[in-house]
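Written out below as C-alpha cells is the structure these notes cover.
Only the coordinates and a few stated rules stand behind these numbers; no lab work does. Keep in mind that this is a model prediction, so the values were computed, not measured. Positions of Cβ are generated from backbone atoms using ideal geometry, with glycine treated the same way; all protein chains shown enter the neighbour counts.
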Amino acid sequence: MGLYCDFLAQHEQSTTNMLGAIIKQLASKGGIPEYIREAFRKATTEFGGRGLRVPDMVQILKKTIASLPRVFICIDALDECTAKRRRELLESLREIVQISPNMRVFLTGRPHIDDEIVKYFSGALRIPLSPTHADIKGYLEMRLDGDTDPKAMDDELRADIMRIIPEKISER
C-alpha cells in the first residue's frame, strides 16, 4: 500500500483521508468487508453525518491488517505533511504496528523529520540518502532543458546555475 504526501495538496491530505486511502487499497484486493461498510454507514447516520474519525480508521486498519498474511505500507515524502497531520499519522501507524506483527512501514522524507520518526518508531532502521553531484547536475539539466521560456536565460546564467547550485547543495 502506498501514499505520496504532496505539499500542494496539504488541505486534502487529512489524516482521515490518508488512513482512508490505505484502507481502500487494502480492501480493494478482495471486495470491501462488511465491517468496513457498516462502520461507514454508522458514521454517516450519526449526528451530522460526520464520517469516520481517526480512531475509527485505526480500528478498521487493525482488523483489516490482522486478516492479511503480510502488509507493507509505504509513505513517500512524509515531510510534505503538515506537522499536525504528520504527528497524527505517525501516532496512528505506531498504534497499529504495536499489535500487527505482519505489518511493515516504510517512510521517506527529508532529514529534518528524523527525530519525529524516531520518537514514534524508536527501533526504526534509517537509511540516509544524499544526491551525488552528478544527480544534481542531471536534475538541473533536465529542468533547464524543459524551460518553456528559453529566452529568459542566456548561456552565462545557465552556466552559473549549473556551477553554483551543485556547490551549495554539496556544502550541506
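Angle, helix 15-27 long axis vs. longest principal axis of the chain, Cα atoms, 0 to 90°, nearest 10? Taking Cα atoms only, the helix is inclined about 70 degrees. Between 0 and 90 degrees, the angle of helix 155-170 with respect to the longest Cα principal axis of the chain falls at about 50 degrees. Derived value for the chain: Kirkwood hydrodynamic radius 19.0 Å. Basis is the mean of 1/r over every pair of different alpha-carbon atoms.
Take the Cα of Ala83, step 7 Å toward its Cβ, do the same at Phe121, and the gap between the two points is 2.2 nm. For Lys168, a cut-off of 20 angstrom between C-alpha atoms picks up these lysines, skipping any fewer than 8 places away in its own chain: Lys137. With R₀ set to 35 Å, the beta-carbon distance separating Ala43 from Ile169 gives a calculated FRET efficiency near 0.15.
Among the GluC sites (Glu not before Pro) within the range 45-136, those in coil by DSSP and having at most 12 neighbouring Cβ atoms inside 10 Å are Glu46.
For the chain, the longest principal axis of the Cα atoms and the long axis of helix 34-45 meet at an angle of about 90 degrees. Output the pairs from Lys42/Lys119; Lys84/Lys151; Lys24/Lys84 with a Cα-Cα distance over 31 Å in this structure; if there are none, say none. Result: Lys42/Lys119; Lys84/Lys151 exceed 31 Å.
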